[in-house]
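Scroll down for the structure; my scribbles are underneath it.
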Amino acid sequence: MMGAPTARGNPEEMPYHEGIVPSFYFDKTEVVASKYRACVDSKVCPQSHHTKKFCTERDDTKQDHPINCVDLHMAAAYCKSVGKRLPSEREWEYAARGG
């Protein structure tokens with residue numbers, strides 16, 4: 001089921017409905033900063049918003065941490081560079097609910 005029942009949730013989560021989710025694969029781990037940084041260094045991916053205090057891309061002590069401070073377009077560029085894609089909303093919700 002997708003969305004939220006009428007008594008719970010926000011208006012944008014309505015209506016609560018059944019969603020068919022075809023088979024798909026999800027990576028087991030997040031993309032780490034060093035992998036995203038390599039994509040940036042190869043000029044395939046745009047640089048993250050790394051100037052903010054807690055961003056990991058340019059912090060040499062956090063290269064094995066998940067990349068952060070990236071937007072949808074940056075994440076999609078990385079996925080494309082490694083022959084993958086971002087999950088759809090339906091796939092993400094299915095996975096987040098333990099599917």
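Of the residues K80, K35, the single one that is touching a residue at least 12 places away in the same chain (Cβ under 8 Å), part of a helix (DSSP H, G or I), basic (K, R) and farther than 26 Å from R97 by Cβ is K35. Which residues, counting only those in the range 42-86, are exposed (fewer than 14 other Cβ atoms within 10 Å of the Cβ), closer than 28 Å to F24 by Cα and among the β-branched types (V, I, T)? V44, V82, listed by residue number.
Tell me, which residue of the range 9-27 that is more than 15 Å from V82 (Cα to Cα) and at pLDDT 80 or above is surrounded by the fewest Cβ atoms within 10 Å (Cβ to Cβ)? The extreme case among them is S23. Among residues of the range 87-99 being open to solvent by less than 70 Å² (accessible area, probe 1.4 Å) and in contact (Cβ under 8 Å) with a residue 40 or more places away in the chain, the one that is farthest from T51 (Cα to Cα) is G99.
May I ask you to verify whether R58 is of a type in the set (K, R) and in contact with a His (Cβ under 6 Å, 6 or more places away or on another chain)? Yes, satisfied.
The values are calculated or read from the model by the stated rules, or taken from the named source; none is laboratory data. Quantities reported herein were computed from a predicted structural model and do not represent experimental measurements. Quick reminder, even Gly has a Cβ in these numbers, built from the backbone with ideal geometry, and neighbours come from all protein chains shown. What goes into the accessible areas is simple: the full protein's heavy atoms, side chains included, and nothing from ligands, DNA or RNA. Shrake-Rupley method; radii C 1.70, N 1.55, O 1.52, S 1.80 Å.
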